[in-house]
1. Whole Å is fine, so just give me how far the alpha carbon centre of the stretch 108-126 lies from that of the stretch 28-50.
2. Sort the following peptides by mean Cβ neighbour count (other Cβ atoms within 10 Å, averaged over residues), highest first: 86-94, 115-123.
3. Can you sort MET1, MET17 by 1.4 Å-probe accessible area, starting with the largest?
4. Once you have a ≥ b ≥ c as the square roots of the Cα gyration tensor eigenvalues for the stretch 136-187, tell me rounded if a/c is under 1.5, and otherwise prolate or oblate according to whether a/b is larger than b/c.
5. If packing is taken as the average count of other Cβ atoms within 10 Å, what order do 248-260, 178-190 fall into, highest mean first?
6. Express the carbon and sulfur contribution to the solvent-accessible surface of the chain as a percent, rounded to the nearest whole number, probe 1.4 angstrom.
7. Once the piece of chain linking ASP177 and ARG40 is laid out straight, how much longer is it, given 0.36 nm per residue of separation minus the C-alpha distance between them?
8. Give the accessible surface of the chain per residue, rounded to a whole number of Å², with probe radius 1.4 Å and ligands, DNA and RNA excluded.
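The values are calculated or read from the model by the stated rules, or taken from the named source; none is laboratory data. These numbers come from a predicted model, not from an experiment. All Cβ positions, glycine included, derive from the backbone under ideal geometry; neighbour counts span all protein chains shown. Note: accessible area is taken over every heavy atom of the protein model, side chains too, but ligands, DNA and RNA are not part of it. Shrake-Rupley method; radii C 1.70, N 1.55, O 1.52, S 1.80 Å.
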Amino acid sequence: MDVVKRARAGAPHALAMEAAGLAWLAEAEDVGGTRIARARFDGSALHVARVAEAAATPARAEALGRSLAALHGSGAGWHCCPPPGATAPFEVGSSRTLFAAEPTGEGWGEAWAATSVRPILERCVALGRLDADGARVVGRAVDRMAEGAFDAPQPAGVPPVARIHGDLWSGNVLWSDVDTGAVLIDPHAQGGHAETDLAMLALFGLPRLEAVLDAYDEAAPLADGWQGRIPMQQLQPLLVHTLLFGGGYAGRAIEVARTLG
């Protein structure tokens, strides 16, 4: 039996965006990309095929790392682009994060800041999730991001714009007895930087993460200093969690921003 996801009131486009993202990511399976959950959108609900889950073994972790490198290597049109076939309004998820309908800025940092980070920061401030001092600290880090201070090469073999899952926390990785070790669900699929997905895997603790990263690095060697960029790459999801849940996420976002400003 399928898992059925129904659109929030007035927003079936968000599920249509997810369906388009699943289909786009699944195209990379032909070149070894990670297995993607099969889904069908009927105009009001998304029907996602259930995944037979299994244990997170070392072999599955290695397969996931290799296949994720292949997925990223499939490329995308521009940073923060929506998946092909998606229609406006280009937003996804409960945070209603936007995509860039056309190329934005000169590099990854400028596009990521303008599309996915600064708008979330502004909403956090408007809702009182961040006070003025915290907003200034985070704002300085976002300014540096927009200036390209944290831009870095993609992993070897990955094109200038990677095809990324976009919300690759551990809950969206379903370990399974498939050739890629796992099946991915619930994407915010877009063009971006491969390190964004890797940082999300680390944020909430994916089992056997070290084996995943080692296999990834073997398949597509990561750029020098990638470990040091993980906290920076986690700033955006921490702001999204601040927006949605408040609590301690604001403090974590400010702590990361202090190291970047």
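1. Using only Cα atoms, the two centres lie 28 Å from each other.
2. Packing proxy ranking, top to bottom: 115-123, 86-94.
3. MET1, MET17
4. oblate
5. Highest mean packing first, the order is 178-190, 248-260.
6. So the carbon and sulfur contribution to the accessible surface is 51 percent.
7. Residue separation times 0.36 nm, minus the Cα-Cα distance, leaves 47.1 nm.
8. Per-residue accessible area for the chain comes out at 43 Å².
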